[in-house]
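The values are calculated or read from the model by the stated rules, or taken from the named source; none is laboratory data. Keep in mind it's a predicted model, so treat the numbers as computed, not measured. Ideal geometry is used to build each Cβ from the backbone, glycine not excepted, and the neighbour counts take in all protein chains shown.
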Ligand SMILES: [Zn+2]
Ligand SMILES: [Zn+2]
């Protein structure tokens, strides 16, 4: 699979299959993407590469690095120290975003109240989809 930013200068290539694909409701993802939620996929280092210009990095919180195209501002990725060898790229920048489907909602406790979902997917507390915990009642 391939993806690119809005202006096309930042691009990447990914070997399938990917590790995971989830929709995140956390405030940091919402702010970076200027969207009520975002969907990203995880891919282990070595199975993906930048093919154009590498995006610009910034540390959005301790242990979390996000990236964006320095020309057009498109958000491209985030990486957490908690999963240091896994890159997360945003599904919406794929050339064919319909190739992946999310399987889980993460940080669901931060979901905006007016976001109405009826996709039947499970949801979990917090951002770490590798340690899925059901939402507290
Ligand atoms: Zn760009
Ligand atoms: Zn998030």
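Looking at region 20-32, can you tell me whether even one residue there is surrounded by 15 or more Cβ atoms within 10 Å (Cβ to Cβ), under 12 Å from the mean Cα position of the chain (by Cα) and within 15 Å of ligand 1 (Cβ to nearest atom)?
Checking region 20-32: at least one residue is surrounded by 15 or more Cβ atoms within 10 Å (Cβ to Cβ), under 12 Å from the mean Cα position of the chain (by Cα) and within 15 Å of ligand 1 (Cβ to nearest atom).
What are the residue pairs meeting all of these: first residue in region 1-20, first residue more than 14 Å from residue 73 (Cβ to Cβ), second residue within 16 Å of ligand 2 (Cβ to nearest atom) and modelled with pLDDT of 95 or more, Cβ atoms under 6 Å, and 6 or more apart or on different chains?
3/93; 18/41; 19/42; 20/42
With the condition kept exactly as written, say whether any residue in region 107-117 is at negative phi and either within 16 Å of ligand 1 (Cβ to nearest atom) or in contact with a strand residue (DSSP E or B) (Cβ under 6 Å, 6 or more places away or on another chain) (or both).
Yes, there is a match, as at least one residue in region 107-117 is at negative phi and either within 16 Å of ligand 1 (Cβ to nearest atom) or in contact with a strand residue (DSSP E or B) (Cβ under 6 Å, 6 or more places away or on another chain) (or both).
Give just the number: which of (1) part of a loop (DSSP other than H, G, I, E, B); (2) within 14 Å of the chain's Cα centre (by Cα); (3) loosely packed, with under 15 Cβ neighbours inside 10 Å does residue 127 not satisfy?
(3)
Considering only region 34-73, state which residues are touching a residue at least 24 places away in the same chain (Cβ under 8 Å), under 21 Å from residue 98 (Cβ atoms) and within 16 Å of ligand 2 (Cβ to nearest atom).
Hits for region 34-73 are 36, 37, 38, 39, 40, 41, 42.
Report whether or not residue 10 is surrounded by 19 or more Cβ atoms within 10 Å (Cβ to Cβ), modelled with pLDDT of 95 or more and more than 20 Å from residue 126 (Cα to Cα).
yes
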